[in-house]
1. Assess whether GLY142 counts as being surrounded by fewer than 19 Cβ atoms within 10 Å (Cβ to Cβ), among the small types (Gly, Ala, Ser) and more than 21 Å from THR19 (Cβ to Cβ).
2. I want to confirm something. Restricting to segment 223-243 and keeping residues that are under 17 Å from the mean Cα position of the chain (by Cα) and of a type in the set (A, V, I, L, M, F, W, C), which single residue is nearest to ligand 2 (Cβ to nearest atom)?
3. Being of a type in the set (Lys, Arg) and part of a helix (DSSP H, G or I), is that true of even one residue in segment 256-275?
4. Yes or no: segment 201-216 includes at least one residue that is of a type in the set (Gly, Ala, Ser), within 30 Å of GLY120 (Cβ to Cβ) and more than 16 Å from ligand 2 (Cβ to nearest atom).
5. Are any residues in segment 399-438 of a type in the set (A, V, I, L, M) and assigned to a loop (DSSP other than H, G, I, E, B), and if so, which ones?
6. So ASP301 clears everything in (1) among the charged types (D, E, K, R); (2) surrounded by 24 or more Cβ atoms within 10 Å (Cβ to Cβ); (3) within 16 Å of ligand 1 (Cβ to nearest atom) except one condition, right? Which one?
7. Quick one: which residue in SER58, SER44, SER26 is surrounded by 19 or more Cβ atoms within 10 Å (Cβ to Cβ), among the small types (Gly, Ala, Ser) and at pLDDT below 95?
8. Go through ALA206, ALA199, ALA127, ALA178 for me and flag whichever is within 29 Å of PRO335 (Cα to Cα), surrounded by 15 or more Cβ atoms within 10 Å (Cβ to Cβ) and modelled with pLDDT under 95.
Amino acid sequence: MLATTNSVAFNGIDVLRITIEVQITSGMPSFTIVGLADKAIAESRERVRAALHSIGLSLPGNHITVNLAPADVIKEGTHFDLPIAVALLGAMEVIEADKLLNTIMMGELGLDGAIRPVSGVLPASVASVAQQMRFVCPAVQGAEAAWSGNKDIVPVKDLLQLINYYKGMEEIAYPEPAPQSDKFAYTLDLRDIKGQENAKRALEIAAVGGHNMLMIGPPGSGKSMLASRLPSILPPLTTQEILEVSKIHSVAGLLKDGQLVTHRPYRAPHHSASTPAMVGGGLKAKPGEISLAHRGVLFLDELPEFARQTLESLRQPLETGIVSVARANSHVSYPARFQLISAMNPCRCGYLGVAGKTCSRAPRCAEEYQSKISGPLLDRIDLQIEVPLLSPWVLGQIKEGEDSATVLKRVLAARNFQQKRGQNILNAELDGTQLEQTANLSDTARKVLIQAAEKFQLSGRGFHRMIRLSRTIADMAFSDEILPEHISEALAYRLPERKS
Ligand SMILES: Nc1ncnc2c1ncn2[C@@H]1O[C@H](COP(=O)(O)OP(=O)(O)OP(=O)(O)O)[C@@H](O)[C@H]1O
Ligand SMILES: [Mg+2]
């Protein structure tokens, strides 16, 4: 007897339909799974055997073959347990095999037959809509699946319930999408930061144009504090972006209680993070920190402390917004359009240039420390600012700074102005040619820029970086043209050349 159903395999967050065929033929008792299955799927035999046993069924004493097609695609994950078990039940004629055809299933089996949560339910459910198929998933993930809008979702808690459902003995209610908690996700507000007007201005520019930023300053100057407040002045995610970000979190197994990710992600991995943890991939391909930060902020604190290889691996995604990682015999890509905010001390001890403190190994200490960040990486960071230690006099003030809501209003207005130019990407994402078309430099501004480029020996990329930044600064002033004052402000946000 042959029975067929479907499940999915993931390539990044892209979903590929996998057909599961189970055939029982006469012969020596055996249970074989073929079709490039990983170890988790091979082990699913034991879980399926135990789950059937728990509901009083035993495996037929015949030759059982499970085929996962297409055979040349690597299949990974425990979500194949459920479709394998159900197709087997079809082949055993416990369930009518015809009822399993137009269905995508996923779920991990417990030894007691319980169906446990798995990762990737949201993108799989979205794919089931496109393929006009029923979607069967773990009961606790029904709410997550329901966001896809599929009208035929069956959330099941255990194997017995599913058998009863197919036999028409039990109804299973359509899952309700979980109500989104409207709790404001960012409790950190810019108003907590006293002084540091320069750094706050740079943060606002970063928010408007989507620019990457590096802050250099001594310990305790407020760098981490500034970075953690960036999400509070970024525009909310659009509906399209919410789905995009939530799919990535679903594949990573991080969606909680069926709720979508509705706020901009903020990821701050520790500097000991490995390259696979940062960019994704590894033995069990999962999105890395940069993909979890998609459409949000990736904060790298103590930048030079990260492994060089890990930092260099950020170069490609910073440019393209996509990360492609090599696996044993394939590639997997994840979206990774994130805004990089980084912080570092000026030297290892951190006190170079601080009044009243000395760095005993200056200037070598700073040179060695700062050289850990490669030129090409620095080139991709439009905004590079110094965050000085505040005087106790400023810190002692009771007066609070401007709050995030006020700044956000300005950011939204400036982004509006940006879009009115007919440009649907942020200034930070404009490449050289697009810049030529949209920047609109006034004649004097162009002269100022060329003079500065000669004086500071700006590279081609550095030159474009200045135009990009000044375009954002001009947008904030609602100016169609980039004027000399916008160029001069942009020139102030270039650290290394200025030092030299
Ligand atoms: N401008 C400021 N306004 C209010 N509090 C501040 C300010 N700057 C620093 N602080 C206080 O100092 C603490 C340390 O700041 P923060 O952690 O941001 O420093 P940092 O620059 O990241 O230091 P490190 O280099 O050691 O990581 C904050 O938690 C806050 O209490
Ligand atoms: Mg810090």
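1. On the way: surrounded by fewer than 19 Cβ atoms within 10 Å (Cβ to Cβ): no; among the small types (Gly, Ala, Ser): yes; more than 21 Å from THR19 (Cβ to Cβ): yes.
So GLY142 does not fit the description; no.
2. LEU230
3. Here is the first cut: in segment 256-275, the residues of a type in the set (Lys, Arg) are 256, 264, 267.
From the residues that got through so far, the ones that are part of a helix (DSSP H, G or I) too are none.
No, segment 256-275 has no match at all.
4. Narrowing segment 201-216 to residues of a type in the set (Gly, Ala, Ser): 202, 206-207, 209-210.
Pick out the ones that are also within 30 Å of GLY120 (Cβ to Cβ) and you get 210.
Filter once more, keeping what is more than 16 Å from ligand 2 (Cβ to nearest atom): 210.
Taking every residue of segment 201-216 in turn, at least one turns out to be of a type in the set (Gly, Ala, Ser), within 30 Å of GLY120 (Cβ to Cβ) and more than 16 Å from ligand 2 (Cβ to nearest atom).
5. Here is the first cut: in segment 399-438, the residues of a type in the set (A, V, I, L, M) are 405, 407-408, 411-414, 425-426, 428, 430, 435.
ILE425, LEU426, LEU430 - these are the residues of segment 399-438 that are of a type in the set (A, V, I, L, M) and assigned to a loop (DSSP other than H, G, I, E, B).
6. Going through the list (1) among the charged types (D, E, K, R); (2) surrounded by 24 or more Cβ atoms within 10 Å (Cβ to Cβ); (3) within 16 Å of ligand 1 (Cβ to nearest atom), ASP301 breaks only (2).
7. Details: SER58 fails: surrounded by 19 or more Cβ atoms within 10 Å (Cβ to Cβ); SER26 fails: surrounded by 19 or more Cβ atoms within 10 Å (Cβ to Cβ).
SER44 is the lone residue from the list that is surrounded by 19 or more Cβ atoms within 10 Å (Cβ to Cβ), among the small types (Gly, Ala, Ser) and at pLDDT below 95.
8. On the way: ALA206 fails: modelled with pLDDT under 95; ALA199 fails: within 29 Å of PRO335 (Cα to Cα); ALA127 fails: modelled with pLDDT under 95.
So the residue among ALA206, ALA199, ALA127, ALA178 that is within 29 Å of PRO335 (Cα to Cα), surrounded by 15 or more Cβ atoms within 10 Å (Cβ to Cβ) and modelled with pLDDT under 95 is ALA178.
The values are calculated or read from the model by the stated rules, or taken from the named source; none is laboratory data. Owing to the predicted nature of the structure, the values given are computational and were not obtained by experimental measurement. Glycine gets a Cβ as well: all are built from the backbone with ideal geometry, and neighbour counts include every protein chain shown.
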